[in-house]
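As structure tokens, the structure follows; a few thoughts come after it.
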Amino acid sequence: MSTEIQASQSFQQKMFERIKEQIGDLMTEDDLKNVVNAAMQKAFFDKRLTSDHYPREMEPLFVELIRNLMATKVEAAMKDWLDKHPGEMEKIVTDVIGQGLINIITNHLNSKASWPLQQLAEQLRQKGILT
């Protein structure tokens, strides 16, 4: 027998100990499955919050894991395709650059022409030619 003085436990501590001892009797198999399913959903599929200075939402852990696992495979597949289709890639790059240049030139011409055209339209309205 121990001679140490035991401090009386609080109600909460007593309940915790009792639940811990009898958890098997309290929880049915279906209850346990539901708890595990909810924990798996929360751990892998729900969005997460960071614990940085400014909390922000992060993608679910499952998505992050899949992205990390697939990144090298996607890179390898892209490199393989590029190696096997150099002519097609050159055409795509040329088309994109060409279209980009066309857009830049068009936007530049539109911006340069818009003010003189607005002035012309205003002058025509003042003369009653344009309504």
Pair list, Cβ < 7 Å and 6+ apart or interchain, from the range 69-82 residues that are basic (Lys, Arg) to residues that are modelled with pLDDT of 95 or more: none
Within the range 19-66, tally of residues that are assigned to a loop (DSSP other than H, G, I, E, B) and either of a type in the set (S, T, N, Q) or in contact with a Cys (Cβ under 9 Å, 6 or more places away or on another chain) (or both): 3
Index of the failed condition, Leu26 passing every other in (1) at negative phi; (2) loosely packed, with under 11 Cβ neighbours inside 10 Å; (3) out of contact with any helix residue (DSSP H, G or I) (no Cβ under 9 Å at 6 or more places or on another chain): (3)
The range 1-23 - residue that is surrounded by 10 or more Cβ atoms within 10 Å (Cβ to Cβ) and β-branched (Val, Ile, Thr) and, of those, modelled with the highest pLDDT: Ile19
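The values are calculated or read from the model by the stated rules, or taken from the named source; none is laboratory data. Nothing here was measured: the structure is a model prediction, and the numbers come from that model. No Cβ is skipped: glycine too gets one built from the backbone with ideal geometry, and neighbour counts run over all protein chains shown.
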